[in-house]
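The values are calculated or read from the model by the stated rules, or taken from the named source; none is laboratory data. Computed from a predicted model, the values in this text were never measured in an experiment. Note that we place each Cβ from the backbone using ideal geometry, even for glycine, and neighbour counts take in every protein chain shown.
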Amino acid sequence: MNLKSTEKLILLSGVFIVSIVAANIASAKIMALGKWVIDAGTLVFPITFLMTDTISEVYGKKIAYRVVITGFICTVLAVAVLTLARIAPPAPFWTGQEAFDQVVGTVPRLVFASLATYLISQTHDIWAFDFWKRKTQGKYLWLRNNFSTAVSQGIDTCLFTVFAFAGTVATRELAAMILSVYVFKVVFALVDTPFCYLLVRWCRNEGRIAEEPV
């Protein structure tokens, strides 16, 4: 792998890590898009699957797994930092502690819920993408991108929403949230397909990176 390819991999990995950490923090807010109810983290979380699909396609399954593990470690570090910031004694003149607690206080539960589903959904996405890649003999990137992501997003949405919000909202609202979030993610997966092609082409401009056998 040459320097340019390494730089591109680092950039894709950085976008993945920032997206997963930001999604966990943003999920503390439940927002409404018309009649649809979703957690704000849903706006950024689908980017993680776009990144892993691109990395898996160009750099191989092994490297994609390593990026996922790195994201896991960074998420744990982020929640540790936020927890320390929350329990640290505020300055006498600072009046934002209550608001800070209200927002950041929900993050640990959201992150633990995310970590419980993160490795499952991301590992499945990489496995499914590689499975369809072998089945299609490296053709039909659009099919591999959408098939792997649609199922993985379904797994993540159901598990995360239940773990994160069960007991805090009514069952009917919980079911509506699962449906809303999943529909949003599937639509996002369809929309991001051209971007997957563009990213793969961009990464390969410096030469094809051969996938290691696994």
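Structure summary
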{"item": "From the options Gly60, Gly41, residue that is modelled with pLDDT of 90 or more and among the small types (Gly, Ala, Ser)", "result": "Gly60"}
{"item": "Filtered residues of region 129-184 (kept if within 29 Å of Ser56 (Cα to Cα) and of a type in the set (D, E, K, R))", "result": "Asp130, Lys133, Arg134, Lys135, Lys139, Arg144, Asp156"}
{"item": "Residue count for region 148-180, restricted to those that are of a type outside the set (A, V, I, L, M), surrounded by fewer than 18 Cβ atoms within 10 Å (Cβ to Cβ) and in a helix (DSSP H, G or I)", "result": "6"}
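Residue by residue, here is whether (1) out of contact with any Phe, Trp or Tyr (no Cβ under 6 Å at 6 or more places or on another chain); (2) part of a helix (DSSP H, G or I); (3) farther than 29 Å from Asp101 by Cβ; (4) in contact (Cβ under 8 Å) with a residue 24 or more places away in the chain holds:
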{"site": "Gly14", "(1), (2), (3), (4)": "yes, yes, yes, no"}
{"site": "Ala28", "(1), (2), (3), (4)": "yes, no, no, yes"}
{"site": "Ala32", "(1), (2), (3), (4)": "yes, no, no, no"}
{"site": "Phe49", "(1), (2), (3), (4)": "yes, yes, yes, yes"}
{"site": "Asp53", "(1), (2), (3), (4)": "no, yes, yes, yes"}
{"site": "Val68", "(1), (2), (3), (4)": "yes, yes, yes, yes"}
